[in-house]
Amino acid sequence: MSGANASQRVEIGLHAAIVAVRDELPHVLVVRRPADERSQLEQDEIGLPFGPFDPALHRTLEGGLRNWVEDQTSLSLGYVEQLYTFGDKDRFEGDDTMGERAVSVGYLALTRADDTPPSTDNMWQNWYLHFPWEDWRSGQPALMREAINPQLESWIEASVNQGQKARRQDRARLCFGWDDLAWDEEKVLERYELLYEVGLVEEALRDQRLQAAATGEKQLEIKTPPHPLGEAMQYDHRRILATAIGRLRGKLKYRPVVFELMPPVFTLLELQKAVEAISGINLHKQNFRRLVENGGLVERTGARSAKTGGRPAELFEFRRDVLRERPAPGIGVRGRG
């Protein structure tokens, strides 16, 4: 190993995308960090709970994550799964300037809405504030027609040759369901990365400003999109969250993870609203009910709920025996039409 590489330190960070469904909306737990805790940033930002892995204190990576989350949010995690390792260079301002390299391990954690952290520094935030183009429950978002599609079309037209133009066109079609392609709710990360590459999200502009300031290079003039494409997050936390959303949407189809977000007893309508909140698409009520009941995912409790204000709705609970009966007891999410 060369002397330059031998002296470089690698710091492992642990990041948690903690998800709950609250008031029929998907929420992620975020931490507000004052500006004076970070260099070169002038205002407060929100981000995911995170902290460094300490091999002297943490027996495992997941154990370290749970410790950091409880320390920062007072929330004890239940369901946790590892997402991805994020190791791109220059992920943080000043990264690599002191012989250090930051590598982050992202995790998806699911909890119930009533497990509310008590600290005022933490809050549940609707994840569609960060990804407004991902919510198709009322049809195609206006943001798609008014800002995203026109900006992507301009990017395609600015191609240097026909080959590049064809590649850009195909990428936009695949990510955003243009032309004859259907909207794929799982491609959350692919869509965010395309918007970042084109310069349509604040993180892309921020990272270019920081890079220009660090190198002394003249900044390129980039036009700010006519509509803000979602709220930015600290560092690359929105990318980590995009990875978590895509993973969770995919897992709905083959694992009963949605029940980690539900109270012990619930109505089928409440369950449907939770699945719709996560997937971002509307489901056919009767088809959903038939799928859940015929799939053996729930069982009747014999009780009824009067919360709806109308006819009392039947209460159900998750039937855990389904985990032993078949390998993929998920909910096959399919939108209306």
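Just to check your reading of the model, which residue among Glu186, Glu146 is surrounded by 15 or more Cβ atoms within 10 Å (Cβ to Cβ), touching a residue at least 60 places away in the same chain (Cβ under 8 Å) and out of contact with any strand residue (DSSP E or B) (no Cβ under 7 Å at 6 or more places or on another chain)?
Glu186
Yes/no per residue for (1) more than 27 Å from Gly199 (Cα to Cα); (2) of a type in the set (Gly, Ala, Ser); (3) modelled with pLDDT of 95 or more:
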{"position": "Thr97", "(1), (2), (3)": "no, no, no"}
{"position": "Val103", "(1), (2), (3)": "no, no, no"}
{"position": "Ala113", "(1), (2), (3)": "yes, yes, no"}
{"position": "Thr116", "(1), (2), (3)": "yes, no, no"}
{"position": "Phe131", "(1), (2), (3)": "no, no, yes"}
{"position": "Gly139", "(1), (2), (3)": "no, yes, no"}
{"position": "Ile156", "(1), (2), (3)": "no, no, yes"}
Practice prompt. Residues that are modelled with pLDDT of 90 or more and among the aliphatic types (A, V, I, L, M): find the helices (runs of 4 or more DSSP H) completely inside the stretch 185-261 holding 3 or more of those.
Written response: 188-198, 237-251
Response to the item:
Subset of the stretch 253-271, residues out of contact with any Ser or Thr (no Cβ under 8 Å at 6 or more places or on another chain) and of a type in the set (Val, Ile, Thr), comes to Val257, Val258
Worksheet item: How many residues are closer than 23 Å to Leu248 by Cα, at pLDDT below 80 and either of a type in the set (Lys, Arg) or touching a Phe, Trp or Tyr at 6+ places or on another chain (Cβ under 7 Å) (or both) when one looks only at the stretch 284-337?
Response: 6
Discussion item. Considering only residues that are modelled with pLDDT under 85 and either closer than 19 Å to Ile245 by Cβ or of a type in the set (Asp, Glu) (or both), which ones fall in the stretch 118-129?
Written reply: Asp121
Worksheet item: Going through the stretch 277-287 one residue at a time, which ones are in contact (Cβ under 8 Å) with a residue 40 or more places away in the chain and either buried (at least 16 other Cβ atoms within 10 Å of the Cβ) or of a type in the set (S, T, N, Q) (or both)?
Response: Ala277, Ile278, Ser279, Gly280, Ile281, Asn282, Leu283, Asn287
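Every residue, every condition in (1) among the charged types (D, E, K, R); (2) on the phi < 0 side of the Ramachandran plot, yes or no:
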| position | (1), (2) |
| --- | --- |
| Thr243 | no, yes |
| Arg249 | yes, yes |
| Arg255 | yes, yes |
| Glu276 | yes, yes |
| Gly280 | no, no |
| Phe288 | no, yes |
| Asn294 | no, yes |
| Glu325 | yes, yes |
Fill in: Which numbered condition Arg167 misses (of (1) buried (at least 17 other Cβ atoms within 10 Å of the Cβ); (2) part of a helix (DSSP H, G or I))
(1)
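Could you grab me the full set of residues in the stretch 134-164 that are outside any helix (DSSP H, G or I) and of a type in the set (A, V, I, L, M)?
Initially, the stretch 134-164 is screened for residues outside any helix (DSSP H, G or I), giving 135-141, 158-161.
Within the stretch 134-164, Ala158, Val160 meet the criteria.
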Discussion item. Can you say whether Leu271 is surrounded by 19 or more Cβ atoms within 10 Å (Cβ to Cβ) and not assigned by TED's automatic domain parsing to the domain that holds Glu186, as far as the supplied structure shows?
Written reply: yes
Discussion item. So, in the stretch 49-61, exactly how many residues are surrounded by 13 or more Cβ atoms within 10 Å (Cβ to Cβ) and more than 15 Å from Val103 (Cα to Cα)?
Written reply: 2
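The values are calculated or read from the model by the stated rules, or taken from the named source; none is laboratory data. Note that the structure is predicted; figures quoted are calculated from it, not measured. Heads up, the Cβs are rebuilt from the backbone with ideal geometry, glycines too, and the neighbour counts pull from every protein chain shown.
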